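FYI, it's all coordinate maths here, none of it is from the lab. As the structure is a prediction and not an experimental result, all values here were calculated from the model. In this analysis, Cβ positions are derived from the backbone assuming ideal geometry, glycine residues included, and neighbour counts consider all displayed protein chains.
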Amino acid sequence: MPGWRQHLPRPLTSAPYREALARFRETPAGANVFRFGPYALMPVLGAAAALAPTFFGTRMTFLIILVALYVLLRISDSLIGVAILALTLALLPTDMNSFEQNIMFNVALFTLLGIGLNVVVGYAGLLDLGFVAFFAVGAYLYALITAPDAGASEWAQTWDVGLTFWAVLPMALVLAALIGVLLGIPVLRLRGDYLAIVTLGFGEIIRILLTTEDYYTGGPRGMFLLPKPPFFGRELDTAYELYLVVLVLALIAVFAAERIRNSRVGRAWEAIREDEDVASAMGIDTTVYKLLAFAMGAAIGGVGGVVIAAKQGSVFPPDFSLEISINVLAVVIIGGMGNVRGILLGALLVIGLPDVLRDFSINFWAIHLDNIGQDYRLVIFGAALVAVMVLRPEGFLPSKRRVAEFREADLLQEEMAT
Amino acid sequence: MEQWIQLTIDGITLGGVYACIALGYTLVYGVLRMINFAHGELFMMGAFAGVYTLQGFQDHTSLNEDLPSLTITAAIFMGIVVAVVLAVLMERIAYRPLRHAPRLAPLISAIGVSIFLRNVMLRYTNARREVYPDVFPDGSIEIGDVSVSYIKLFLIGMSILFMVGLYLFIQRTKTGTAIRAVAEDRDTAALMGIDVDRTIVLTFVAGAALAGATGVCYGMYVGNAAAGMGFIPGIKAFTAAVLGGIGSVPGAMLGGYFLGLSEAYTTKLFGAQYKDVVAFVLLVAVLIFRPWGFLGKREDRRA
């Protein structure tokens, strides 16, 4: 650790703390804390969620949730932990007002998107800067084939398809994956840098095409009056109900992503990420596996698009700007690349926190900044991406292997220095 | 016919701009094997430095009318200074600590820098455009039915001047030789007594100076500076660099002009709304059929 960095407070994950924690875990009392701690946290978290809005207001509540979830994510590795987490998340917004519920919806949606991008960036080590493209594909597919009278799109007015939300979900999944493969084929034979810029370009092109091809998309006038998801004879139209839908989708995505990561495919991705040449020498068809990662990420992005179209009830080209891609990337990077649990924390930090601090102001000495969360979020994200890469490249909740990977270079340097 | 000549001139004007930015990408890629995503933002910051300098002259002196050549030179100089300072800072803060990190890390860091700079300017200007004062003499040269405005000629001339300057710098000076040596093989260059860190910084400086100066000229050409102005030219210049063969200096120039001309003709053939699409299509086509570009080295295929 060179120079000034050694003066920073040690992160809680540094060796002395870790060792102390490991020793504690081996004592009988410690083992019990680790086994039952997560369960004990659930009522705490539930109580905090139920009571906090009354006592503390939105900001404090959010902070409490953040801290509680961080601790929960930190210590629970088991399936039961995940189940508790899911249940807690499902019950959390019951007592919130609609503004807060909308924030939670966005957090959940970006968790879902983050899980998708994480497959590409975190597992396979491919930088995709045009993730919004697949998001847009899902959203516009939903708009085109569900709405009986969808705004300015002539195509939708001529062909009244009228499918429902649940039918569109798998279609969006397949279509987005297909487009991902088509885009990936020319680029994925090459190394990551090109992919970054091609996807960046593709994200922009999609937006341009959505604006120009107004026979299908309604152009800048967009498409609206989209139906809500039907559910046993009624419509899911509140933020909370849609939040639950996203949560379930996110859970399925987590499950799928984790299963794949621990499979032959996941190990191939890992090998490609660490060293493509070696992976290829070991007989891994790198192009095929990279395409697979890209397609899976795209598919999840497409599903996210369907959800947002249903939630908003409208789609307009500016909704699918580069900012979405950046937000999702920030969720993945800040949470900790390659780690599903980190994504949730990343979404809370990147999506939730700025919304909660929307009208937060700083007036200090000569500095007067208003509406921090709203106006300065991208300034802060930019700085945060650099800071995370330089100071803590594994993110806040990293996967173990990722730490090893990022620290390896540092260790080598230190060894060489001594 | 006149229309095609006009389009060709437009293409050369824009191509020169792309070529100048593309050189920065190519130089940095050459020594670090990294895409400096924030390079387009240097171009944008240069344009802002230029517009504020000229506005300063406008508000406090009458030099803009009396001696426009001086104020324009000063503006270009300020553009270079600002871009160079930023480039040195970003190399120091965001890239150097990550030189031994996995490939993804500096790339993400560069994107962070790019987002940061763009949004700082967006907030600083309150998302408005800063209008360039009317310094440059209006008017145009008429050749037959074709008219070329002075500012276009100026932009074409300046971009060629910048490129020739950079080319001589790379080929003839000792520093340029060091840059080429580091690009060829960093370890061997270090063994030969070249200060690699210093050379990398100088590479950033050279690319940034070019981007900053081009930013000012381009800003004068379009008449304003905006926080988002670096993004699209940045992507296109990168495309130009890839077209020409990334890492190759003449390739970046060729790629820039090729892209500029393709765009100009696309506007005529398919309509103006597709002019941003053509760069992307070209990029993908090159990556499929000739990933090492027009003039790149073939073994760079997978780099």
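Annotations
- Debye, to nearest 20: dipole size of chain B, +1 on Lys, Arg Cβ, -1 on Asp, Glu Cβ: 1260 debye
- Footprinting exposure proxy ranking of A:Glu26, B:Glu65, B:Glu41, B:Glu263, fewest other C-beta atoms within 10 angstrom first, gives A:Glu26, B:Glu65, B:Glu263, B:Glu41.
- Hull-based mean projected area of the stretch A:102-330, where the convex hull spans the alpha carbons, in square nanometres: 11.9 nm²
- Note on A:Asp214, B:Asp187: ascending count of other Cβ atoms within 10 Å places them as B:Asp187, A:Asp214, the fewest first.
- Fewest-first ordering of A:Phe232, B:Phe37 by other beta carbons within 10 Å of each residue's beta carbon gives A:Phe232, B:Phe37.
- Contour minus Cα-Cα distance for A:Glu235 and A:Ser321 (0.36 nm per residue): 28.1 nm
- FRET efficiency for the A:Asp160 to B:Asp134 pair, using the beta carbon distance and R₀ = 51 Å, is estimated at 0.40.
- Averaged over the residues of peptide A:195-208, the number of Cβ atoms from other protein chains lying within 10 Å of each residue's Cβ is 5.
- All lysines inside 25 Å of B:Lys174 as judged from Cα atoms, apart from same-chain residues fewer than 8 positions distant: B:Lys297
- Partner chain coverage, peptide A:321-333 - average Cβ within 10 angstrom: 2
- For B:Lys268, a cut-off of 25 angstrom between C-alpha atoms picks up these lysines, skipping any fewer than 8 places away in its own chain: B:Lys152, B:Lys236.
- In plain terms, the bigger the Kirkwood radius, the slower the diffusion; for the stretch B:1-114, with that radius from Cα pairs, at 4 °C and 1.567 mPa s, Stokes-Einstein puts D at 79 µm²/s.
- Taking Lys and Arg as +1 and Asp and Glu as -1, the other residues whose beta-carbon sits under 10 Å from that of A:Ser321 total -2.
- Relative contact order [Cα under 8 Å, 6+ residues apart], chain B, whole percent: 36 percent
- Kirkwood-type hydrodynamic radius, chain B: 19.6 Å, calculated from all non-identical alpha-carbon pairs.
- Take each residue of peptide B:89-99, count the partner chain Cβ atoms within 10 Å of its Cβ, and average: the result is 3.
- Peptides A:121-130, A:280-289 ranked from most to least packed give A:121-130, A:280-289, packing being the mean of other C-beta atoms within 10 angstrom over each peptide's residues.
- Counting only Cβ charges, +1 for Lys and Arg and -1 for Asp and Glu, the dipole size of the stretch B:183-252 around its Cα centre is about 340 debye.
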